[in-house]
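These notes concern the structure reproduced below.
The values are calculated or read from the model by the stated rules, or taken from the named source; none is laboratory data. All figures in this text were calculated on a predicted structure; none of them were measured in a lab. Only protein heavy atoms, including side chains, enter the accessible area calculation; ligands, DNA and RNA are left aside. Shrake-Rupley method; radii C 1.70, N 1.55, O 1.52, S 1.80 Å.
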Amino acid sequence: MALRNSLTRLRPALRARTFAKPTKKRLEWTDEMEARVLQQMRGESNSFGAATLEDGNEKRTHISEVDAGGFELRGDVFVPTSICCLPYHAFLWRARVQEDVTVEALRLFTVVHPRPEIVVVGLGARGPRERLVDVEAHFREEGIALEQMDTANAVHTFNILNDEGRTVGGAFLTLEPRGIDEYADPLA
């Protein structure tokens with residue numbers, strides 16, 4: 001309630017604020033840009049130039065906090081919904097409750113390259129009410145290990161495996177399921 005009251009007070013100030021208009025800058029194609037694109041197409045480089053993402057753990061996904069409302073990534077960004085994670089990326093995930101965790105909902109882990117060797121699934125505060133047998137069978141056929149546990153332990157396991165440099169995936173439900181209407185913009 002306190003948040004709603006403070007947002008009500010801030011709303012007029014936010015609406016009155018004016019922003020500078022963006023300036024148009026002309027982008028010119030250079031030989032260096034062309035060389036970089038050709039290197040990327042040949043697989044010799046990535047979009048970050050000579051350094052690769054695997055150069056250090058500082059760019060790896062790390063979930064620094066789990067609470068009832070969501071996840072904090074690298075101590076910087078709070079995500080108020082379920083998430084799927086790969087070694088260097090995190091994605092929003094539509095699943096809200098254990099019944100939403102299906103083969104289709106976890107399809108990301110079977111289509112990415114490189115494929116994770118293990119996928120850790122966090123199924124809320126209490127963990128799995130029953131094993132996801134069809135999901136386990138599908139991942140076994142794909143050659144990917146699947147671990148199911150409560151979300152807090154799943155996040156901890158993901159962080160350890162990812163920090164070790166393993167190719168790991170994670171899918172984590174929030175500790176308390178939230179409805180889609182709870183994500184509405186409070187300033188709207």
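Look through Glu147, Glu141 and report the one residue that is part of a strand (DSSP E or B) and open to solvent by 40 Å² or more (accessible area, probe 1.4 Å).
Sole residue among the options that is part of a strand (DSSP E or B) and open to solvent by 40 Å² or more (accessible area, probe 1.4 Å): Glu147.
Looking only at residues that are within 10 Å of the chain's Cα centre (by Cα) and among the small types (Gly, Ala, Ser) in region 69-97, which one is most open to solvent (accessible area, probe 1.4 Å)?
Ala90
Which numbered condition in (1) open to solvent by 10 Å² or more (accessible area, probe 1.4 Å); (2) over 25 Å from Pro80 (Cα atoms); (3) part of a helix (DSSP H, G or I); (4) of a type outside the set (D, E, K, R) is the only one that Asn159 fails?
(2)
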